[in-house]
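Enquirer: Let me give you the structure first, and then I'll get to my questions.
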Amino acid sequence: MTRLPRRRPRALILLAAAGLLLAACSATDTTAGAGQDSAVPDPGTGHLHGLGVDPADGAVYAAGHHGVFRLDGGEALRVADRYQDTMGFTVTGPSTFLAGGHPAPADPEARSPHLGLIRSTDAGRTWQTLSAEGEADFHSLVQAGKVLYAFDSQSGRVWAGTDGGRS
């Protein structure tokens, strides 16, 4: 008989958080985000692309179709007033996140339908472009040691680099 390995508490926390977030996704949030017309309801998370635990404080973050959210007390709380389609989400260090995806449809600063690789060093409040803006549509990101792997769904190509995503 095969013995199942014991799961780490962190995995159980992520699983529970995912369940809570999925439950929260079914509720309608009628509060408007900053910079949004108050008559337009907040769309909530939309479908989810990734979960991660910030080692800075142990908080669970969820990247969704309409932004990044901090999971707290069974609620998905929008981190900032950004509504980008945050895909390929991964936590790479304390308060440091990487992602790909697409700008929000109403973003007046959007220059391309693809964000390339973006990074936040303040737990998702602000984001800076690192590389491949307009070139790549990163739907999956994995940090393995010093190597960052990224899957570009536009080209079907896997990218890999050891410079933190700058190239």
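Nothing in this text is a laboratory measurement; each read-out follows from the coordinates by a stated rule. Quick caveat: nothing in here was measured; it's all calculated off a predicted structure. Here Cβ is always computed from backbone atoms with ideal geometry, including for glycine, and neighbour counts include all displayed protein chains.
Enquirer: Residues in region 125-145, backbone N under 16 Å from the label point at S112 (7 Å along the Cα-to-beta-carbon vector): list them, ranges by number please.
Expert: 128-140
Enquirer: Distances longer than 14 Å among the Cα atoms of region 105-167: what percent of all pairs is that?
Expert: Distances greater than 14 Å cover 58 percent of the Cα pairs.
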